[in-house]
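Rule-based calculations on the coordinates, nothing more; no lab input. Keep in mind it's a predicted model, so treat the numbers as computed, not measured. Glycine gets a Cβ as well: all are built from the backbone with ideal geometry, and neighbour counts include every protein chain shown.
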Amino acid sequence: MIRIGIVGSDNSHALAFSQLLNTEKGAGDPRWSDAKCVALYGTDQARNQEVAEKGKIPHISPTLEDMLDRVDAVMVVWRHGDLHCSHALPFLRAGKPVFVDKPFAIKLEDCQAMLDAAHYFGAPVTSFSTTRWTPSLHALAARKDEYGDLLMGQVSGPADLESEYGGVFFYANHAVEMMLQLFGHGAEGIYSRAAQGNVNSIVRWPDGKLVNLNLHKSAKAAYSATLHGTKGWLSSTIDIGGCYADGMDVFLKMVRTRVRPLTDAQLLEPTKLLHALLRSVESGREETI
């Protein structure tokens with residue numbers, strides 16, 4: 001049995017992931033029949049008790065050290081990205097597979113510290129928005145070739161520049177990672193404007209492809225994407241239902257195989273892109289990602 005620990009009880013994802021592994025919500029799914037969430041760590045004891053009870057987690061660890069020998073792999077899911085590095089490093093240094101919820105981290109030096117530890121200690125590490133793996137998005141991506149070479153596009157989703165959990169980094173990753181999954185990693189520049197809490201950006205790739213990244217706060221919109229190619233176009237909402245399960249499947253495949261689903265560059269790109277977005281809002285010009 002793969003013993004999973006969850007670090008960061010404040011996040012709703014802690015409950016979602018533990019219920020998938022331990023309760024009837026995920027019962028019978030062969031993708032994680034060999035895994036259980038066995039330990040939880042958080043700093044709010046009332047919240048710890050709530051998540052442990054609803055997620056049927058048998059042990060609340062008083063310290064990270066207590067969790068180390070109890071688990072085979074860990075999911076670091078704090079809401080605030082500034083907490084991710086310090087809580088992931090002890091497990092990476094122990095050689096254990098680690099999933100870090102979005103964002104990987106807010107500070108690029110924290111991202112690099114986790115990657116350095118993962119390489120040095122041979123510990124698989126990954127980080128992503130679970131929306132990256134949702135079937136609705138992949139069904140859209142599977143149709144890209146029908147529309148020829150993609151030249152332009154649009155991706156929309158919610159975000160909050162003033163979130164108490166790290167500003168734009170807390171929620172914008174969902175739309176950013178959808179965009180990168182659809183249009184490819186390696187974006188080069190971004191030109192952004194903010195008004196009334198909303199942000200509109202034009203993201204540019206080296207081949208000249210342009211994608212509007214729309215981050216909504218006061219404006220209402222569902223997750224959606226539009227593809228414009230040389231042979232036609234397609235616009236679609238993106239259903240993220242079941243994305244926690246899709247993300248869990250990807251993580252557990254990494255745990256079993258110790259093969260990472262994303263490269264170092266792919267893990268760093270969302271954080272780099274959002275820093276460039278903020279610089280562009282401030283400077284009023286395109287910024288390099």
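For the chain, what ratio Rg/Rh do Cα atoms give with a Kirkwood hydrodynamic radius?
0.97
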Go ahead and collect, in residue order, the members of segment 245-289 whose backbone nitrogen is under 15 Å from a label point 7 Å along the Cα-Cβ direction of ASP34. 249-259
Quick one: work out Rg over Rh on the C-alpha atoms of segment 1-43, Rh as Kirkwood radius. 0.97
What residue among ARG258, ARG143, ARG132 has the largest mean-square fluctuation in a Gaussian network model of the chain, using Cα springs under 10 Å? ARG143
Using distinct alpha-carbon pairs, which all enter the 1/r mean, Kirkwood radius of segment 1-84 in Å: 12.5
Arranged by the count of other C-beta atoms within 10 angstrom, fewest first, what order do ILE240, ILE190 take? ILE240, ILE190
Under a Gaussian network model of the chain whose springs join Cα atoms within less than 10 Å, the largest fluctuation of LEU215, LEU262, LEU15 belongs to LEU262
Rounded to whole Å, give me the distance from the Cα center of segment 49-127 to that of segment 237-289. 17
When DSSP beta bridges are limited to those with both residues in the chain, what percentage is antiparallel, rounded to the nearest 5? 50
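Going by the alpha-carbon gyration tensor, a ≥ b ≥ c the square roots of its eigenvalues, is segment 242-283 rounded (a/c under 1.5) or, if a/c is not under 1.5, prolate (a/b greater than b/c) versus oblate?
Working: a/c = 6.98, a/b = 2.26, b/c = 3.08.
Cα axes put segment 242-283 in the oblate bin.
Kindly point out which whole DSSP H helices in the chain project their C-alpha atoms 27 angstrom or further along the helix axis while averaging a Kyte-Doolittle hydropathy of 0.0 or above. Display every interim value, and only then the final one.
Working: long enough: 264-283 (28 Å, 0.05).
Helix filter hits for the chain: 264-283.
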